[in-house]
1. For Q623 and T454, FRET efficiency with R0 = 41 Å and r from the beta-carbon atoms, rounded to 0.05?
2. For the range 718-820, which GluC sites (Glu not before Pro) are both in a DSSP coil and crowded by at most 15 other Cβ atoms within 10 Å?
3. Over the chain, what is the percentage of antiparallel beta bridges among all DSSP beta bridges, to the nearest 5?
4. Counting other Cβ atoms within 10 Å, which trypsin sites (Lys or Arg not before Pro) in the range 619-691 have at most 16 and lie in a DSSP loop?
5. Multiply the residue separation of E327 and V169 by 0.36 nm, subtract the distance between their alpha-carbon atoms, and state the gained length in nm to one decimal.
6. How large is the translational diffusion coefficient of the range 395-442 in µm² per second when you combine the Kirkwood radius over alpha carbon pairs with Stokes-Einstein at 20 °C and 1.002 mPa s?
7. So the label point goes 7 Å from the Cα of A54 along Cα→C-beta, right? Which residues of the range 200-232 then have their backbone N under 20 Å from it?
8. Kindly list the residues of the range 805-823 that lie in the label zone of T731, defined by a backbone N under 20 Å from the point 7 Å along the Cα-to-C-beta vector.
Amino acid sequence: MKKKRMTRREFVTAASGVGLFASGIPSAGFRRAFAQSSTGARSHTHEAQVPTTAFNIPACAWSRPLGKLPRVGLSPEEAQHPKNFFGFPGSNTPARVKKGIPLGGIGAGNFMYNICGSFGPWVMKPGRYEERFLSQAAFHIRESVGTKPARARTLATDDVLPAWKRLDVGDADYHALFPKGWITYKGFDTNISLEFFSPIIKENYRETSLPVGLFEFLIHNPLKTPAKVSVMLTFPNAPYTGPRNLNPSPLRFLQAGLLECSRQGLSNSFVQDGIVSGILMRANDPTNPPETQNSEWCIATDRPTTHLESWDGNGDGSEVWKTFANEGRLSNGESGKSTTSPSAALCVEVVVAPGGNSKIPFSIAWFFPEVQFGKGTRWSRRYTEYFPAGKKARAFEIAQESLAKKDIWREAVEEWQTPILTCKEMPDWLKQASLNELYYTTFGSSFWENGCITKPKEFGNRPGQHISFAAESIDFAWFDPLDVRHFTSRSYRDLWPEIERDALLTWADFIMNTKDGHCPHDEGRADGDPIFEYSGHISPATFGGQTWSDYSPKFIQCVHALWVKTKDEYFFQEAWPATLRAFDFMMSITDSDGLSRRSGSEYERPELFNAVLWMGSMKALQQMARHRGDSVLEQRITKTLKKTSETTESTLWNEKFGYYQYNARRDALMADATLGQRFVDVTGLEPVLDSNRLRSHYHQLFKRLVAPLKDYNGDGIGDMGMANCLNPDSTPAVGVAPMIGLIGHMFNVWTGVTYCTAANMYHWGQQEGDPALVKQSLQAAWGAYFQTWRNENTAFWFSTPEAWRIETSTNFVGPQYQRPRAIWELAAEVCNSSIR
């Protein structure tokens with residue numbers, strides 16, 4: 001008989017967790033947010049005086065002068081123009097470097113407020129990345145002080161309408177620490193800064209799903225005379241998806257069938273409820289597909305405002321700019337012009353006393369409650385549980401709530417970030433990257449459903465279960481391949497364990513549906529029928545005609561890790577049949593010596609990689625079998641584990657070089673080979689390899705796969721990350737992996753592998769009291785960080801790729817990739833070690 005499914009409250013209470021990042025206690029901000037009504041408090045009042053003169057921007061935030069774009073990527077003719085491994089520009093368009101903090105919750109449809117102060121790129125539907133920028137969307141400032149002429153500026157350096165007076169490059173500084181961003185402006189007599197964020201909150205499944213972005217201007221007057229300042233937000237009744245990107249990569253064919261989704265019958269209307277005023281922008285036309293029919297945008301504020309309900313977004317912007325620049329207010333009507341691009345504007349004017357401060361908030365909300373994939377299946381987005389479709393002005397309701405709860409939400413974000421920001425053992429670059437790499441959680445084509453509209457769910461259909469996934473990358477449009485998700489599961493376990501639970505139970509359903517019990521490759525692809533048609537990979541779950549050997553152990557490890565963290569018996573019982581079936585499948589492909597010599601992902605005969613994953617999963621399964629009281633299974637596992645361990649130690653340990661080698665025939669050294677040990681360390685199991693040998697192995701990884709690579713700062717240590725697989729002399733181990741086009745994995749540095757392996761090294765350095773190994777782990781990770789966030793010749797920020805070549809990081813593949821969130825493993829290790 002099935003046990004009753006735990007409620008969300010019971011689940012969170014039971015989630016005792018492991019270490020600093022795994023606390024199961026909801027934050028105070030989280031609790032207060034849920035104590036409020038869904039529409040927000042109506043009695044919110046305008047504060048007369050703000051006690052601070054500037055936002056508290058953490059020192060570790062990533063910062064860059066506004067509008068300062070690196071030369072890289074601006075012209076295909078440049079010698080250092082990055083390109084993908086196939087030799088084509090791929091997704092490296094001129095706008096690739098124009099990134100920033102994404103807005104919107106998980107699965108809500110997302111867009112960035114970027115380092116130029118403009119709105120874009122966009123991923124409004126999974127698998128549909130667009131480098132487009134809304135020229136009608138911007139913030140604008142008008143400042144009038146004493147008898148000086150008023151000045152008006154558009155707070156962007158690029159991508160806005162021609163009539164608007166833009167900022168010059170460097171007139172402001174952009175700061176980012178996901179999910180929050182800040183801009184500090186220069187050149188005004190008053191001190192003006194902006195904070196913006198979406199409520200991405202730990203262990204919160206409501207606010208974290210919402211389609212909303214909050215912006216708050218802080219204006220401090222250091223002068224001896226009053227200052228009159230107006231802030232205007234302009235925004236169009238925007239498209240849902242736009243024209244296809246230029247220069248598509250060879251794999252972009254996977255997005256065939258994702259046609260542009262029109263929005264017709266556009267109309268704007270001014271709305272007001274209590275202190276909140278906004279402009280609701282709708283699409284209502286019989287020709288609209290379900291994805292866009294009755295969809296909405298809304299801009300709103302809870303300050304006294306003037307507005308322009310509709311102006312011509314196809315023009316040069318002068319009709320809205322002229323009145324604002326001259327008067328600091330709007331006409332409270334329409335421009336009167338007919339347009340196919342009706343755009344809206346809200347303006348708030350304040351007088352700031354000498355030495356005083358004023359805050360001006362704005363909200364941008366949107367309501368596109370459905371997602372449709374290539375074969376026509378339609379899903380409701382997660383937030384429709386809280387804001388059901390079918391009622392007008394939902395976007396206004398969301399904006400209204402966000403303005404009422406912005407301080408609670410901000411506090412809740414700061415609360416879950418505080419242990420990271422205050423961790424003395426963690427260098428600032430690691431704090432910065434571990435938070436900013438989480439951008440992919442929302443912007444990586446995230447999907448999170450609240451039910452299938454067109455047919456019954458075949459998988460993941462338990463009461464209260466909500467399926468979620470992300471794309472592998474911009475160029476690889478299949479969703480949540482488990483080999484990659486294995487690296488990122490820690491961030492979900494620590495921050496949103498219910499998402500991890502529901503995802504693993506969906507995978508359990510897939511495994512129970514396969515003929516032989518193998519774990520599939522992915523959850524489907526964008527142009528197909530995700531979830532209903534899993535394994536949408538171009539070589540479905542196979543390589544060389546064989547099922548990849550690493551998926552089933554990875555599934556077992558993920559199940560075990562979540563169970564150890566949450567002690568969720570319902571999850572354990574639901575996942576157990578698939579876990580056991582995955583083990584039986586692995587036993588069917590395991591030789592008498594305990595090793596599987598099948599392909600592990602794209603690698604050829606990676607015996608060590610397979611062995612460590614297999615042994616790690618068996619140790620996990622041993623503990624679960626013991627919990628079930630299944631002594632027969634436990635003994636069976638013990639016997640196989642002993643044989644696998646003996647074979648590994650006797651055939652793969654290389655005494656001459658002091659490391660475990662790639663396979664019995666080749667003495668190459670593989671960075672990813674001890675991946676299975678990561679989950680063993682995290683869950684407190686005994687190591688699967690000899691402890692002394694493992695310590696030596698990690699030192700050799702640094703010596704041969706990190707240090708010899710290109711040195712950028714002159715300290716004699718490579719700053720490229722960790723090479724995938726090299727010979728003992730640190731040359732590429734040609735032959736260890738098949739060639740896919742020009743991709744040979746032995747020529748690459750994988751970002752996520754670097755971070756995950758660094759976490760292993762750090763853990764083992766702490767475990768064994770080896771400060772040299774601890775230092776080496778951070779040096780290895782620093783290289784991947786440097787190439788992503790600091791190197792002007794790559795400019796991979798908010799677009800971290802899967803990999804770059806060991807000879808030059810400007811040759812890369814898989815921009816905006818899922819695996820780099822493995823940095824969370826390293827951050828957790830460093831932060832947790834400080835409180836032991």
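Laboratory data are not the source of any read-out in this text; all were calculated from the coordinates shown. All values derive from a computational prediction rather than experimental measurement. Backbone-built Cβ (ideal geometry, glycine too); neighbour counts: all protein chains shown.
1. 0.50
2. Numbers: sites: E768, E792, E802, E807; in loops: E768, E792, E802, E807.
Sites meeting the loop and neighbour criteria: E768, E792, E807.
3. On the way: 110 of 114 bridges.
Antiparallel bridges: around 95 percent, rounded to the nearest 5.
4. Values: sites: K619, R626, R628, R636, K639, K642, K643, K656, R665, R666, R678; in loops: K656, R665, R666.
Taking the range 619-691 and a limit of 16 other Cβ atoms within 10 Å, the loop trypsin sites (Lys or Arg not before Pro) found are K656, R665.
5. On the way: separation 158, 0.36 × 158 = 56.88 nm, distance 2.64 nm.
Result for the pair: 54.2 nm of gain on full extension.
6. Values: Rh = 12.6 Å.
So the translational diffusion coefficient is about 169 µm²/s.
7. 216-224
8. Output list for this probe position: 805-808.
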